[in-house]
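Everything below concerns the one structure shown next.
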Amino acid sequence: MKQADVVIVGAGPAGIAAATAAAGHGRSVILLDDNPAAGGQIWRDGIPPPNQPKNDKESGPRNTALQKLNRSGATLLFGYRVFDACAPSTLYAMREIAGNAEVIELRYRNLILATGARERFLPFPGWTLPGVFGVGGLQALVKGGFQIQGKRIVVAGSGPLLLAAAAHLQQYGGKIVCVAEQASLSRLAPFAFSLWSHPAKIWQGIRYRLALGKTPYRTGCWPVSAVADETTGLLRSIQLTDGTKSWKQDCDLIACGFHLVPNTELSSLLGCTLRDGFVQVDENQQTSLANIYCAGEPTTIGGLDAALLQGEIAGLSCAAGPAAALRARNAREKMFAARLQKAFAMRPELRSLATADTMVCRCEDVPYKSLAARAGWTDAKLQTRCGMGPCQGRICGPATEMLFGWKTTSIRPPLFPVPVSAFCHGNEAQHLS
């Protein structure tokens, strides 16, 4: 059992900022994450791009934030996933070492949820083929050593991360042949114009676009299907459309993701109020529960600056520190996030991408035709096992919400698959029985 004044779940930018702020104001802090190091997806460590020295990789805010965290005195626990919260002010987390499950009990006075977001995947014919990746998933693989030199890559889907991911993959030797953004130019233009008050964001976007050179960036364009070679079974091309005409784009890899979905499962399990799919918080980042705070993407998809700011506010609030001066900036970031959501809203045509045989739930091999006649999420789970596989609906849940308007229900522990051995260790077994 471990205990602290402040326990923080998630060691991305929001969690790092929260831990540094709370520890810097005299609170004992435990920061845990299921990754092997702090940073989250945006600051994930890994192999640097060719011709870029490792010690120069992602310098600036990343290195500064990590240095402050390491000096803060916060206890850092990596490789742990929180899977239950069945007692007041208590979490249970697990990690696996050499096939053995290790469970810890975490007790807190204040809890900060900085659980981030994940990619939204929408099913289309061929999306399960080898060579079709999530945008962030391919980035993570490349940082881990996956070789893409000379590979023709189509980056498709939606969101400002498409350009950033494309530029990043190009740094590692990928040949970006096309970036396909489903949002129309008529939606993106007002959003771009509104960034005049965020010059750093404008410059960042320009940098990514210049890095891609003459690579086509097509707005109002989305994938229809991925096509495999009949002989090898490997990805051969992707069919794209702009709603008027369709065409084939030859490629070796596809990186596809339709913006982001907040990770709110733990928040829901704890009983925090959600609004429009996000955790509802006040100006101090406090949820509807007195000692639980939330920061970053679970409250709004607003990018790095918003995550850092909200994390700092949450950490200061837990430590009774001076957070008032940050609230005006936070309000501006929330306005930016609202414009971001509007600009990259999913177009209705995406609901008709899946055919009868298109797999929607990859964990349980459930095709679209098996779901089309179901009355809702619970009925689909009972009749088809959709959402009952290892991902626990994290992939197919947002997909079925887009396809059928279903809302995922009944968030229950364990939040992640847990081996039976995890329930057989003394006190943990008594608490979890």
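The values are calculated or read from the model by the stated rules, or taken from the named source; none is laboratory data. Note that the coordinates shown come from a computational prediction; the quantities given were computed from them, not determined experimentally. With ideal geometry, Cβ positions are generated from the backbone for all residues, glycine too; neighbour counts draw on all protein chains shown. Calculation scope for accessible area: heavy atoms of the full protein, side chains included, ligands and nucleic acids excluded. Shrake-Rupley method; radii C 1.70, N 1.55, O 1.52, S 1.80 Å.
Tabulated data for the structure shown
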read-out	value
Amide proton proximity set for GLU297, modelled H, under 5 Å, gap of 5+	GLY116
Rounded to 10°, Cα long-axis angle of helix 13-24 versus longest principal axis of the chain	20 degrees
Share of alpha-carbon pairs per 5 Å distance bin for the range 209-314, given as whole %	2, 10, 15, 13, 10, 9, 10, 12, 10, 6, 2, 0, 0
Computed P(r) (all Cα pairs; the range 290-433; 5 Å bins; percent)	2, 8, 13, 13, 11, 13, 14, 12, 9, 5, 1, 0
Helix-only [θ]222 nm of the chain, DSSP H runs n ≥ 4, -39500 (n - 2.57) each, per residue, nearest 500	-9000 deg cm²/dmol
Cα-based helix-to-principal-axis angle, 327-343 vs the chain, degrees rounded to 10	30 degrees
Normalised contact order of the range 52-202, rounded percent, pairs of Cα under 8 Å and 6 or more residues apart	11 percent
In sequence order, calculated HN-Hα J values of the range 125-135 (Karplus, 6.51, -1.76, 1.60; Hz; x Gly/Pro)	x, x, 6, 9, 5, x, x, 9, 10, x, 4
Whole-Hz ³J(HN,Hα) from phi, Karplus 6.51 cos²θ - 1.76 cosθ + 1.60, for the range 224-236, glycine and proline x	9, 6, 10, 10, 9, 5, 5, 8, 8, x, 8, 4, 10
The chain: equivalent-ellipsoid semi-axes (sqrt of 5 x gyration tensor eigenvalues, Cα, Å)	34, 27, 21
Centre separation in Å (Cα based) which lies between the range 124-193 and the range 266-315	28 Å
Modelled FRET efficiency - R0 25 Å, ALA356 with PHE146, Cβ distances, 0.05 increments	0.15
Percentage relative contact order, the chain, counting C-alpha pairs under 8 Å, at least six apart	19 percent
Loop trypsin sites (Lys or Arg not before Pro), the range 211-304 (other Cβ atoms within 10 Å of the site Cβ: 12 or fewer; DSSP)	LYS214, LYS245
Choice from ARG329, ARG44, ARG152 showing the highest fluctuation, given a GNM over the chain with Cα pairs closer than 10 Å	ARG329
Phi-based couplings in Hz for the range 143-160 (Karplus 6.51, -1.76, 1.60; Gly and Pro marked x)	5, x, x, 5, 8, 10, 4, x, 6, 7, 10, 9, 9, 9, x, 7, x, x
20 Å reach of a label modelled at ILE47, 7 Å along Cα-to-Cβ, counting backbone N of the range 113-157	131-154
Within the chain, percent of DSSP bridges classed antiparallel, to nearest 5	45 percent
Subset of LYS248/LYS369; LYS68/LYS334; LYS334/LYS407; LYS201/LYS407; LYS2/LYS334 violating a 31 Å alpha-carbon distance limit	LYS201/LYS407; LYS2/LYS334
Surface accessible to a 1.4 Å probe, per residue, for the residues of the chain, Å²	45 Å²
FRET efficiency, TRP203 to ASN100 (Cβ-Cβ, R0 51 Å, nearest 0.05)	0.55
Angle between the chain longest axis and helix 199-211 axis [Cα atoms, degrees, rounded to 10]	40 degrees
Rounded percent of accessible protein surface that carbon and sulfur make up, the chain, 1.4 Å probe	53 percent
Cα centre as origin, Lys/Arg/Asp/Glu Cβ charges: the range 178-240 dipole, Debye	360 debye
Point-charge dipole on Cβ atoms (K/R +1, D/E -1) for the range 326-388, about Cα centre, debye to 20	600 debye
Rel. contact order, % - alpha carbon contacts under 8 angstrom, at least six apart, the range 302-401	18 percent
Estimated FRET transfer efficiency (GLN3, LYS342; beta-carbon r; R0 25 Å; 0.05)	0.05
Cα gyration tensor, the range 60-131 - rounded (a/c under 1.5), prolate or oblate	oblate
Computed lengthening from SER184 to CYS424, 0.36 nm per intervening residue step minus Cα-Cα distance	81.0 nm
Partners for LYS245 among lysines (Cα-Cα distance below 25 Å; same-chain residues under 8 apart left out)	LYS175, LYS214
15 Å Cα-Cα reach of LYS151 towards aspartates and glutamates, excluding residues that sit fewer than 8 places from it in its own chain	ASP250, ASP252
In the range 223-308, GluC sites (Glu not before Pro) in a DSSP loop with at most 10 other beta-carbon atoms within 10 Å	GLU230
Additional length obtainable on full extension of the chain from ARG329 to LEU382, 0.36 nm per residue less Cα span	14.5 nm
